[in-house]
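Okay, so here's the structure we're looking at.
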Amino acid sequence: MTTLLREHQAQAGWRDYLELTKPRVVVLMLITSLVGMFLATRAGVPWTVLVFGNLGIALCAGAAAAVNHVVDRRIDAIMARTHKRPLAVGRVAPVSALLFALVLGIAGMALMLTFTNALAAWLTLASLIGYAVIYTGFLKRATPQNIVIGGLAGAAPPLLGWVAVTGHVTAEPLLLVLIIFAWTPPHFWALAIHRKAEYAKADIPMLPVTHGEHYTKVHIVLYTLMLLAVSFMPFAIHMSGLLYLAAAAVLGARFLYWSLALYRDSRPHAAIKTFKYSIWYLFLLFIALLVDHYLPFDL
């Protein structure tokens, strides 16, 4: 067994370490961070902040993801979606992954402190600790509300981008955080319904496992309605214009359609389709915010 593990670890390459950073998740986070930066000003984001600030956020997010791989390696080995991850199959040792996370975290913080400002750097560190330690290490196994409480760490990137440019916290970036915070439960609970048997097997108290699918579907609809209301707030506080309002209404209506289809079980594979649409929803909503912000006129 030891020999086999060493052989697996010897085969570890750069792709394994890249996978530890959860690059697809980081890319979505960087999109919201970029939007936060560009929404913070009309004068243009300094290139040093744009490049090195986002690189610092990405490195810290990758560090948190690597810690997540280490803590969840037993769970990952059980679940079909994750059983081929580098730590689950033994290609990367836990100590190596933690050292990798440490290097990423230090490099990310150094870039944030050097090229942005102290507040942005410490908020980034708080987000890293929130996801890697509080959510992954405790909340995920402690309560079916893990996604609701732990979602705050994942909602931080637009605030980090905004503060990296301005150096202070205002209501606007907190509203962007609130949008992602409201988006997170229906996004993850749809996936949890799709993967309910695997979460049960791994003994993770996701809401569909502890309270059943019907209860979870009701809450997905309720959180989607909450998200729809929150998504209109940038227009209400004059942070955005009619283009964004129209986009938020159309995208939100489609999200509500899928959440109701999931509730009624009226479409095949509604859970995974709701999950996939939620990713496009967040991406397009933030792009609409950005386009609306830089329009030379209000529609």
One residue from Tyr257, Tyr263, Tyr281, Tyr277 being free of Cβ contacts under 8 Å to residues at least 12 places away in the same chain, of a type outside the set (S, T, N, Q), in a helix (DSSP H, G or I) and surrounded by 14 or more Cβ atoms within 10 Å (Cβ to Cβ): Tyr257
Residues (in contact (Cβ under 8 Å) with a residue 24 or more places away in the chain and assigned to a helix (DSSP H, G or I)) located in the range 201-215: Lys201, Leu207, Val209, Thr210, His211
One residue from Thr114, Thr124 being modelled with pLDDT of 95 or more, under 30 Å from Ala192 (Cβ atoms) and among the β-branched types (Val, Ile, Thr): Thr124
Which listed residue, of Ile31, Ile78, Ile106, Ile134, is surrounded by fewer than 23 Cβ atoms within 10 Å (Cβ to Cβ), outside the structural domain of Phe188 (by TED's automatic domain parsing) and more than 25 Å from Gly161 (Cβ to Cβ): Ile78
Unique match (being in contact with a Ser or Thr (Cβ under 6 Å, 6 or more places away or on another chain) and either exposed (fewer than 15 other Cβ atoms within 10 Å of the Cβ) or not assigned by TED's automatic domain parsing to the domain that holds Thr32 (or both)) among Val221, Val230, Val209: Val221
Criterion: under 27 Å from Leu191 (Cα atoms), among the charged types (D, E, K, R), assigned by TED's automatic domain parsing to the domain that holds Leu159 and outside any helix (DSSP H, G or I) - qualifying residue of Lys140, Lys84: Lys84
Any hit, the range 240-250, residues being hydrophobic (A, V, I, L, M, F, W, C), under 19 Å from the mean Cα position of the chain (by Cα) and either buried (at least 20 other Cβ atoms within 10 Å of the Cβ) or not assigned by TED's automatic domain parsing to the domain that holds Arg24 (or both): no
Any pair with Cβ under 9 angstrom, 6 or more apart, that starts in the range 177-189 at a residue that is outside the structural domain of Pro158 (by TED's automatic domain parsing) and ends at one that is crowded, with 24+ Cβ neighbours inside 10 Å and not in a helix (DSSP H, G or I): Val177/Ala156; Ile180/Ala156
Among (1) assigned to a helix (DSSP H, G or I); (2) at pLDDT below 95; (3) touching a Leu at 6+ places or on another chain (Cβ under 7 Å), the one test that Glu198 misses: (3)
Condition check for Val250: within 23 Å of Met29 (Cβ to Cβ) and either part of a helix (DSSP H, G or I) or of a type outside the set (Val, Ile, Thr) (or both): no
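May I ask you to say which residue of Val148, Val92, Val70 is in contact with a Pro (Cβ under 7 Å, 6 or more places away or on another chain), closer than 20 Å to Phe188 by Cα and buried (at least 19 other Cβ atoms within 10 Å of the Cβ)?
On the way: Val92 fails: closer than 20 Å to Phe188 by Cα; Val70 fails: closer than 20 Å to Phe188 by Cα.
Exactly one residue qualifies, and that residue is Val148.
The values are calculated or read from the model by the stated rules, or taken from the named source; none is laboratory data. Since we're looking at a predicted model, the values are computed, not measured. Every residue, glycine among them, receives a Cβ derived from its backbone with ideal geometry; neighbour counts consider all protein chains shown.
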